[in-house]
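To start, the structure itself, in structure tokens.
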Amino acid sequence: MHLAAHFPGVNSTTVWSDPRSGSQIDFASFEHLARTAERGKFDFFFLAEGLRLREYDGRVHDLDVVGRPESLTVLNALAAVTDRLGLAATVNATFNEPYELARRFATLDHLSGGRAAWNVVTSSDAFTGENFRRGGFLDRADRYTRAAEFVATARELWDSWTPDGTPRPVAHRGQHFDISGEFTLPRSPQGHPVVIQAGDSDEGREFAASAADVIFTRHGTLEAGRTFYADVKGRLAAYGRGPDDLKIMPGVRAVVADTDEEAQEHAAGIRRLQVSPQNAILALEQVWGRDLSSYDPDGPFPAIDPEPDSEFAQGRVRIADPFAVAARWRALSEEKGLSIRETVIETTTRQSFVGSPETVAAEMTDFVDQRAADGFILVPHLTPGGLDDFVDRVVPLLQERGAFRSEYTGSTLRTHLGLAEPVWKG
Amino acid sequence: MTTGRPLHLAAEIGGPPRYEPDHYLGLARLAEGGALDYVTLGDSFARPGPDALSVLARIAPATDRIGLVPTVDTTHTEPFHVSSAVATLDWVSRGRAGWTADVSTTEAVARLFGRRAAAPAEALWREAGEAADAGARLWDSWEDDAEIRDTATGRFIDRDKVHHIDFEGEAFSVRGPAIVPRPPQGRPVTVIDGTTATARAVAARHADVVHVRATSPEQAAAARADVLRLAAAHGRPARELRVLVALAVDLGDAETAPEPGLASGPPLAGHGTYFRGGPVDLAELISQWYRAGAADGFHLTPITPARDLERIVNGTVALLQHRSLFRTFHPGHTLREHLGLARPASRYALARTAGEQR
């Protein structure tokens, strides 16, 4: 089993109203969480990215934790206070250039002794583009072709020095990039930093099968996990890769208490805090694309239809088919007699392991044994202490079962993940 | 004549490329032991070596007081990313970050990106000024007390204290606000080498620290006066800027040299006037220039970092401290405190409170 920790920085993951909730920006918070993950012998520590603050109706969203540092800079600093832990940064392939990013990741790999990972994401919306020279012109269809060429170009650069440390010129001319010259760093300790892909679309799965070492996913049930696992692993052979060459790691939350009942209660309480009355209405507004602030979050769903192309929808997550989502939510609410807030809680809850340490350890092991995952990326609900319980109470049980390592066997992230060092293609 | 102004000293820790952090950490700790204001790490996309900002982030948790100032290209980078990275360096160092804004004029660097052709220095420096301006606005875009965590209303931030910057320049536009909350120093310290007239004009408008070159105290004083005159035209008083003379130094192996002096060796492009002599000779030069009021301090680039920085700290700096010309410890924690530069208020906070008072 592989384990990673997601820094629960922003958005509705964290319960900032909890008195134990600390800063999402002070370095001490990152240091605490990373050291805890390393104490638990985790494979890596994962940072998400934001390139534009969320907005609704032209105003900055103010209900969730917001504000975070730039990932690569934080990870370089964390390399100073950890020894073995992998360090993964989410960095967008749309609003960056291959030469600069390949250089920054190679630098992190050198400075951390081979612990760097890059979670490749794409974006194409004009809203985010307003912060960049590039703007928002990239067609949705081009997102993954650019990302694939981006990663391939980075790998050419990472391979450009000979094993004895002589720089050799690179010339890449493709659909998206035309670059030539010499890279500024020798091949890094892992050969190439680990590449992670996040996202569940068909193009995303194909991109992961062709080019990624880890896929960061989410699925609600064991059955959904098994289906996804079989689908993605089945795509590898077409690229000459074996099933162990791509690790599948869903993002999950784990809530642990002395008994299963206590943990269930605790988990429900956390969800109610995460989905505040205001956030429930906001979740609805995301789908409906209109101002619903007059509706009672503890009442029934609005009778009116979504208005997806309104000005109001600017700057929010795009919902592919808002009418279908609205119909599904309404049906669920009527069937189970749920209020708006209760429905939002139910439909937005991700894969969770809730129970006593024994229950959580058993369920997680079962997931891996049944080929629903190769491991998990844990998303705690508190900064920075949210991983403490898991590491102190669940990890020892996983270790006793022989499901998870008791000591690191190597010093690079590739070693932790059981991934071979890429062959040098000079 | 003594000036009454404290002396500021900084040192470059780059040199032949190294890829392990301990090398840089050792040099930064040496400089920190000498109570220097900051270390710089030069960078360019076209020469071997790691990314400078990443290196200084890597050593930030392992150092305590020394200012950390990487060179950052403004030509082939995204101003939004640059401002986020420099602000983050300030967060991870707890208020010790700066950046040296620089441009890339060569076709060789342009080809590494394949995004735009090489351009004349003048246009690129105007763009660098825009990057510095947009960056400063992004650092101001969160007011210091924007995060409120008000459980009664469920609001994490006060949205009236987080601002779009709506920056529209010749080269790019940025909507904002920043993703990174306002960094500990308010604005990290902006350093620009003001050797050329083009760069100097941009530096006078946007930099907190300006490096200049000179071969005599008179020339240094004239350069400083020129920077301050240009800055005044933008409404910036002298107390908001520091002008440091850049010297490349070769301290050799003796305490003093038979013929110490400036430019007596090979000139070293990009690192200021070349000084050759012993550590005592360098202390003598610094004392004389400083007492003449020629500069606020010096930025020293050791020709051989491991050897020369050790001699600077244990020889030159020790002597200056003995003469009570330089401090023996850092009285503050942030780079701005070392430099005696005030922590700027957010322009948006000032505008908002001014509006409220009307």
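Rule-based calculations on the coordinates, nothing more; no lab input. Keep in mind it's a predicted model, so treat the numbers as computed, not measured. Cβ placement follows ideal geometry from the backbone for every residue including glycine, while neighbour counts extend to all protein chains displayed.
Here are the numbers:
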item	result
Sorted by Cβ neighbour density within 10 Å, fewest at the top, the residues A:E400, A:E265, A:E149	A:E400, A:E265, A:E149
Between the range A:328-390 and the range A:234-249, the Cα center-to-center distance that results, in Å	27
For the range B:234-244, 3J(HN,Hα) per residue [Karplus equation, 6.51 cos²θ - 1.76 cosθ + 1.60, θ = phi - 60°, Hz, x = Gly/Pro]	9, x, 9, x, 4, 5, 8, 10, 10, 10, 10
Quotient of Cα Rg and 2.2 N^0.38 Å for chain B, N being how many residues it contains	0.99
FRET E, pair B:A232, A:R350, Förster distance 56 Å, beta-carbon r, rounded to 0.05	0.45
10 °C / 1.306 mPa s Stokes-Einstein diffusion coefficient of the range B:36-78, Kirkwood radius on C-alpha pairs, µm²/s	141
More than 21 angstrom apart: percent of Cα pairs within the range A:235-376	57
The range A:141-220: mean projected area of Cα convex hull, nm²	6.1
The range B:40-187 shape via C-alpha gyration tensor axes, a/c threshold 1.5	oblate
Separation in nanometres of the label points that stand 7 Å from Cα toward Cβ, at A:A141 and A:E421	4.2
From phi via Karplus (6.51, -1.76, 1.60), per-residue ³J(HN,Hα) for the range B:130-135 in Hz, x at Gly/Pro	5, 5, 5, 5, 4, x
When the convex hull of its Cα atoms is projected in every direction, mean area for chain A (nm²)	20.5
Residue order, fewest to most surrounding Cβ atoms within 10 angstrom, among A:T343, A:T359	A:T359, A:T343
Euclidean distance of C-alpha centroids, the range A:110-170 and the range B:306-358, integer Å	37
For the range B:166-273, the spread of Cα positions along each principal axis, largest first, Å	58, 29, 27
Stokes-Einstein diffusion coefficient of the range A:241-290, Kirkwood radius over Cα pairs, 10 °C, 1.306 mPa s, in µm²/s	112
Cβ-Cβ FRET estimate between A:V81 and B:F329, R0 fixed at 25 Å, reported to 0.05	0.50
Shape call, the range A:1-145: gyration tensor on alpha carbons, a/c limit 1.5	oblate
Reference-scaled alpha-carbon Rg (2.2 N^0.38 Å with N residues) for the range A:65-192	1.11
P(r) weight above 21 Å for the range A:205-279, C-alpha pairs, percent	48
Length added when fully stretched, A:Q370-A:Q264, from 0.36 nm per residue minus Cα-Cα	35.8 nm
Residue order, fewest to most surrounding Cβ atoms within 10 angstrom, among B:V280, B:V55, A:V232	B:V280, A:V232, B:V55
Interchain or long-range residues, amide H under 5 Å from B:F275's placed H	B:A248, B:V249, B:D250, B:A263
Over the protein assembly as shown - Rg/Rh using Cα atoms and the Kirkwood inverse-distance radius	0.99
Amide H within-cut-off set for A:F376, under 5 Å, with H built and near neighbours excluded	A:H2, A:L3, A:A4
